[in-house]
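Heads up, the thing below is written out as C-alpha cells.
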Amino acid sequence: MSVTAHYLDEEFKMNSLLLDVSILFVPHTSANLASETLKIVENWNLQGKILVTVTDNASNIVGAIKNGLKWQHLGCFAHTINLILKDAQVEFSCLVEKVKSIVCHFKRSTAANSRLMECQVTSGKDAKKLIQDVPTRWNSTFYMLERFVELESCIRTTVALLDADLPHLTAGEWKTLQLLCKALKPFEDATTMASGENYATASLIIIIVNGLNDVCSKMLNSTDILQDNILKNTIEKLQQSLLNRLGDVENNNILAKATFLDPRFKDLAFKNKIAAENVKRQLTNLVANMLHSTGDELLINNQATGSESDTQELKFSFWDSFDQRVSNHKPKGTASSRALLEINRYLEEGIISRKSDPLLWWRSQKYNYPHLSSLVQEMGCALATSVPCERVFSKAGNILTERRSRLNSNKVKKLLFLNCNWKSTK
C-alpha cells in the first residue's frame, strides 16, 4: 500500500509527497489497513493534521478510514466514474466486443497491421496503431473506440482485403460508435481533469457532476440519440448511475467548502441553493471562531503587557497614550457579523476565469481576505482522486525491471521514496 500527502505552503503552492509504500504480509482487513496507515502517519508526526483521506471505494480501506481511524473520507472520484461507466457499458457491450475482436486481430497479425499502416500513409495521414483496452479501466475502452472510429475508412478498406473471419459492422453500428464516442467524451474529460495532483481538484467535483447531468439531459433531447436505442439506453443508464452514486455531492462538507472557496465557482456552482446557504453558514462560523480566537489572544497579550508594566519601574514614553487607545479599541460588530462581512465581500467580487489558477488568486488576495485565505490554505489541498497513489505503483514498475528483479523490498521502497520526492526537495 502507498500513502501520499498533499498540502499548500505559505505561497499557496500545491505540494505532494510520498510518505510510505509498503508490502502488507497480513490479511488486508479494515483493522490491519487502519493500523498500518496510523503507523505511517505517526512516523511523520501528522496526527491531528489530516483534513481528509481519499481512497478507492473498496470496502476494506473505506472501513479502515471511516470506522477504524474516524477520519473524514472521500471516495476516489475517478474510481466512481469508472463504476458509473461500467454500469452503462452493458448497453453497448456487444459493440465493444465486436471492436475488440477486430483490434485483437490487428494486434496479433503483423501483416494485417502493416496493411492498416500502409492504408493510412497512402491516404496522406499519419500512421496510427489501434488501441487495445484494459477491462478494469473504462477510459481505455473509450480510447480504443475513439481510435477505431478515427481510422474507420482505413479499417474498412483493410478488413475487406484480409482473409480473416472478423465481425461485420453495419453502417448503422459505425454511426452509433461515432455518436457513442461523442457521448462519452465529457466523462473522459472529467476523469482526466479530476485526476491531477498539481492543482486543486476537490473544488471541481460539484461542477463536474452537475455538468455531466446537464450534458446527459441535453443528449436525451437530441433526435439522433433518441432514434438509437443503444445510445438512448446508455445515456439513461449514465444519468441514473450518476444520481445513485453522486447525487448528494453538493451536501458533502469537504467538496462544498472547497467549491465555495474557489474564486472560479463560489456559490454559483450550486444548483441547490439550500446547500449553498449551508456551506456559507459553516464558513461564517469557522471565520467567526478564528476572530474569537484572535480577539482572546489580543486580550491576553494586552493583560500580560499591563501586568508587566506594573512590576517595572516607572517609565514615560510618547507612545503611552496611543498604546492605551489601542488597548481599549474594540472592533465594531460581533465576530459573526465581521465574518459574514468578509464572506459577502468575497462573494460580491467578480468570478475569475475558469481557466485561471485559483491558488494564484488567493496568494494575491490573502491580505484582502485574511481569514478566508487561512481556510483555503487548510482546505484547498484536498484532492478528488487516489490517482497519485496509483502512480506510485507505475513508478515501481519502472524501477523493478527484469534486470533489477533481485532488488529486495526495502531497497525498492527507498528507491521509490527518492524517485517520487526528489523533485519536491528542489
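The values are calculated or read from the model by the stated rules, or taken from the named source; none is laboratory data. In this text the structure is predicted, and so the values were computed from the model without any measurement. Cβ coordinates were reconstructed from backbone atoms using ideal geometry, including for glycine residues, and neighbour counts include every protein chain displayed.
A few notes on this one:
- Among the residues making up region 229-267, those that are among the hydrophobic types (A, V, I, L, M, F, W, C), in contact (Cβ under 8 Å) with a residue 60 or more places away in the chain and within 30 Å of Val376 (Cβ to Cβ) are Leu242, Leu246, Ile254, Leu255, Ala258, Leu261, Phe265.
- Residues of region 39-65 that are within 19 Å of the chain's Cα centre (by Cα) and under 21 Å from His28 (Cα atoms): Thr53, Val54, Thr55, Asp56, Asn57, Ala58, Ile61, Val62, Ile65.
The rows are residues; the columns are (1) out of contact with any His (no Cβ under 6 Å at 6 or more places or on another chain); (2) among the polar types (S, T, N, Q); (3) more than 30 Å from Asn15 (Cβ to Cβ); (4) assigned by the TED database to the domain that holds Val376.
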{"position": "Cys181", "(1), (2), (3), (4)": "yes, no, yes, no"}
{"position": "Pro186", "(1), (2), (3), (4)": "yes, no, yes, no"}
{"position": "Ala190", "(1), (2), (3), (4)": "yes, no, no, no"}
{"position": "Thr201", "(1), (2), (3), (4)": "yes, yes, no, no"}
{"position": "Ile206", "(1), (2), (3), (4)": "yes, no, no, no"}
{"position": "Asn221", "(1), (2), (3), (4)": "yes, yes, yes, no"}
{"position": "Ile230", "(1), (2), (3), (4)": "yes, no, yes, no"}
{"position": "Asn233", "(1), (2), (3), (4)": "yes, yes, yes, no"}
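- Condition met for Arg156 (closer than 17 Å to Ile102 by Cβ and among the basic types (Lys, Arg)): yes
Residues checked against (1) more than 25 Å from Lys355 (Cα to Cα); (2) assigned to a helix (DSSP H, G or I):
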{"residue": "Leu238", "(1), (2)": "yes, yes"}
{"residue": "Leu243", "(1), (2)": "yes, yes"}
{"residue": "Leu255", "(1), (2)": "no, yes"}
{"residue": "Pro263", "(1), (2)": "no, no"}
{"residue": "Asp267", "(1), (2)": "no, yes"}
{"residue": "Lys271", "(1), (2)": "no, no"}
{"residue": "Ala276", "(1), (2)": "no, yes"}
{"residue": "Arg281", "(1), (2)": "yes, yes"}
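- Output for region 194-222, where each listed residue is part of a helix (DSSP H, G or I) and either small (Gly, Ala, Ser) or closer than 17 Å to Gly75 by Cβ (or both): Ala194, Ala202, Ser203, Leu204, Ile205, Ile206, Ile208, Val209, Gly211, Leu212, Ser217
- Residue under evaluation Glu42, criteria (1) free of Cβ contacts under 8 Å to residues at least 24 places away in the same chain; (2) not in a helix (DSSP H, G or I), criterion not met: (2)
- Meets criteria (at pLDDT 95 or above and under 25 Å from Leu83 (Cβ atoms)) for Leu33: yes
- Any hit, region 169-179, residues being surrounded by 13 or more Cβ atoms within 10 Å (Cβ to Cβ) and within 30 Å of Asp248 (Cβ to Cβ): no
- Qualifying residue in region 254-263 (condition: over 19 Å from the mean Cα position of the chain (by Cα) and either under 18 Å from Lys182 (Cβ atoms) or surrounded by 17 or more Cβ atoms within 10 Å (Cβ to Cβ) (or both)): no
- Test: residue in region 193-213 that is surrounded by fewer than 20 Cβ atoms within 10 Å (Cβ to Cβ) and of a type in the set (Ser, Thr, Tyr): yes
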